[in-house]
Amino acid sequence: MFYNFGVIPPTGLQRKWFDMREVSSKKSREIDNLNKTDRVGSRPYLMADEQKDARIGPGFQVEIPDEPTHSFGQEEDLNREKETIWIPETVEYDPKEVLEADQIRHVYWTAIWQQWRGHIPFEMALKHLMECKYDFATALDSIDQKLKELPQEMRPVGMAQARSLLDMHNAAKKTDKRKRNLREIQQYLIKNYHLGEIQNFRYQLSRFYYYQPTHGVPCNCRDPICTDYQFEPRVGCTNCNRHHRPHLPVDPEKLCLICQTYLELRKEMRPAEQVVFNSSELEFLEKWNQKEAESGTRLTRDNVEKLIRMETWRRWGDEDLTDEEEAMLNLSKLVIRNRTKSGKHTEEEKRIKGSRILNQLVPLILPLFTKCNCLISGGIPHGSENRDKWSFSGEEVEKYRDLISCFEGDQFQVSEFLKVEPELVERFVEKYPENHEIWKGKQFFPLQPREILQPHNFSPIIPTFVYDDAEDGDGEPSSKKAKKAKKARKV
Ligand SMILES: [Zn+2]
Ligand SMILES: [Zn+2]
Ligand SMILES: [Zn+2]
């Protein structure tokens, strides 16, 4: 008797959202039938801090396998097959191997990581490369087959959901209020996702909305996998989508990173004969053709995305929602309070409510990474040998001093001459300022101002959803709030 309690996300190309209502009604119905005297109620699990007596009856039996899986004294996993994930191509050490290892990460893995935004894990990419006899291009052409075995695509959560999780974390920090566990987050805040998905999202949220604002953007300037590549999503790739968008030639300007990398490696177009798209990608391609047929013109991917977005927003504004979208709303923050008249909403109130729904459902699209940019503005990046250099040898002191004098305080020229970062020259002057004795009898020049480029690709701002007429709700409806909200949903 196993139920899907929305723990592990389903595998494959067709996304299924977690519908709590389905699970709880199915569970309680079955338990009702099995054991009329001892039912758990509609909640299919215990909360972490909840005490319950052991339950007795045919509905609560533990399943014990007929045969023991192993006997006493026997190594448990003796007969199990171990999965080999990676054996390097060359066993003996030679310089080629080192180069290959770098190439695997900087060429092959970068393409996969950036294209799928981390959805395909590194070990899977490695194993696939091994199965493709260590040929990058062959492996890239077929890596999308792995999507069939992976957890379903992660759809972005709505802004209101992200806000409620963020508020919960902030409140827990300030007031020492207990943080909700994953199951409670699923029950109250992010209802339409499996626990495995919520856990990943929670990590990303802390990364972008807690760690980066408090500790700064981690420096990724010297890491080739964080290069800013321009590429299409696979639906927009004119090579990947060509079997779905007939009568169009491949446009080399509109390729995904997989096809671009293949082209670079092989100097020919990727075959891409069996491209694996998930169901929402296929739906998008279908809509694209449909919109073109309707309008009688060619539309770019951008155009179609905009058209679909406008349609969705209009639908949300009209309160025409799918069941999943309903489950994503924070009802307590939708209620229009201090209404002049009770009863049916006026046109104006309907409009307000529609726009609140829209703002709540706008997807939170997080970047794959925030690009640091310290290196191009002359800073000392992570991985530089000068990162922790704060002292200078006697010889260095003379060299730096004389060069600063010679180039009249132009730290960029000094740094070019010394093959170090301009920031290091600035560190030197901080340590040996004008009044320091090393400058006696030498001419000191103040250094030039240096413009520091800010990182780019920050995560979007999540609105607070606090309105003049509304009190601040956290998404967990108290009985009174819930009643009000329910009433508000009806009219
Ligand atoms: Zn940096
Ligand atoms: Zn492509
Ligand atoms: Zn073909």
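For region 192-228, filtering for residues that are acidic (Asp, Glu) and free of Cβ contacts under 8 Å to residues at least 24 places away in the same chain leaves 0. Of all residues in region 381-424, those that are in contact with a Pro (Cβ under 9 Å, 6 or more places away or on another chain) and under 20 Å from Pro224 (Cβ atoms) total 3.
If you take the residues of region 224-279 that are aromatic (Phe, Trp, Tyr) and within 16 Å of ligand 3 (Cβ to nearest atom), which of them is farthest from Ala137 (Cα to Cα)?
That would be Phe277.
Here region 230-248 is the region considered, the condition is being in contact (Cβ under 8 Å) with a residue 60 or more places away in the chain and either more than 13 Å from ligand 2 (Cβ to nearest atom) or open to solvent by less than 20 Å² (accessible area, probe 1.4 Å) (or both), and the residue that is nearest to Asp102 (Cα to Cα) is Arg234. Would you be able to say whether some residue in region 463-483 is more than 30 Å from Gly343 (Cα to Cα), in contact with a helix residue (DSSP H, G or I) (Cβ under 8 Å, 6 or more places away or on another chain) and modelled with pLDDT of 95 or more? No: region 463-483 contains no residue that is more than 30 Å from Gly343 (Cα to Cα), in contact with a helix residue (DSSP H, G or I) (Cβ under 8 Å, 6 or more places away or on another chain) and modelled with pLDDT of 95 or more. Within region 119-161, being hydrophobic (A, V, I, L, M, F, W, C) and over 30 Å from Glu325 (Cα atoms) holds for Phe122, Met124, Ala125, Leu126, Leu129, Met130, Cys132, Phe136, Ala137, Ala139, Leu140, Ile143. Is there a residue in region 346-354 that is in contact with a strand residue (DSSP E or B) (Cβ under 8 Å, 6 or more places away or on another chain) and farther than 30 Å from Pro246 by Cα? The answer is no; no qualifying residue exists.
Could you tell me whether any residue of region 284-296 is outside any helix (DSSP H, G or I), more than 16 Å from ligand 3 (Cβ to nearest atom) and either among the hydrophobic types (A, V, I, L, M, F, W, C) or touching an Asp or Glu at 6+ places or on another chain (Cβ under 7 Å) (or both)?
No: zero hits.
Within region 248-261, the presence of a residue that is away from ligand 1 (no atom under 16 Å from the Cβ) and under 28 Å from Gln360 (Cβ atoms) is excluded. Collect the residues in region 130-145 that are without any contact (Cβ under 8 Å) to a residue 40 or more places away in the chain and either among the aromatic types (Phe, Trp, Tyr) or open to solvent by less than 30 Å² (accessible area, probe 1.4 Å) (or both), keeping them in residue-number order. Result: Cys132, Ala139.
One line per residue, one yes/no per condition, for (1) closer than 29 Å to Lys191 by Cβ; (2) away from ligand 2 (no atom under 14 Å from the Cβ); (3) loosely packed, with under 14 Cβ neighbours inside 10 Å:
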site	(1), (2), (3)
Val250	no, no, no
Glu253	no, no, yes
Cys256	no, no, no
Gln260	no, no, no
Leu263	no, no, no
Glu286	yes, yes, yes
Arg301	no, no, no
Trp316	yes, yes, no
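Taken over region 219-228, the criterion of being surrounded by 16 or more Cβ atoms within 10 Å (Cβ to Cβ) and part of a loop (DSSP other than H, G, I, E, B) is satisfied by Cys219, Asn220, Cys221, Asp223. Within region 328-358, the only residue that satisfies the criterion of being surrounded by fewer than 19 Cβ atoms within 10 Å (Cβ to Cβ) and under 25 Å from the mean Cα position of the chain (by Cα) is Leu358. Residues of region 272-284 that are within 16 Å of ligand 2 (Cβ to nearest atom) and in contact (Cβ under 8 Å) with a residue 60 or more places away in the chain: Ala272, Gln274, Val275, Val276, Phe277, Asn278. Against the numbered list (1) away from ligand 1 (no atom under 16 Å from the Cβ); (2) assigned to a helix (DSSP H, G or I), Phe231 comes up short only at (2).
Only one of the numbered conditions (1) farther than 30 Å from Leu285 by Cα; (2) surrounded by 12 or more Cβ atoms within 10 Å (Cβ to Cβ) is not met by Glu311, and that is (1).
The values are calculated or read from the model by the stated rules, or taken from the named source; none is laboratory data. Note that the structure is a prediction, hence the values are computed from the model and not measured. Glycine gets a Cβ as well: all are built from the backbone with ideal geometry, and neighbour counts include every protein chain shown. The accessibility values were calculated without ligands, DNA or RNA, using every heavy atom of the protein model including side chains. Shrake-Rupley method; radii C 1.70, N 1.55, O 1.52, S 1.80 Å.
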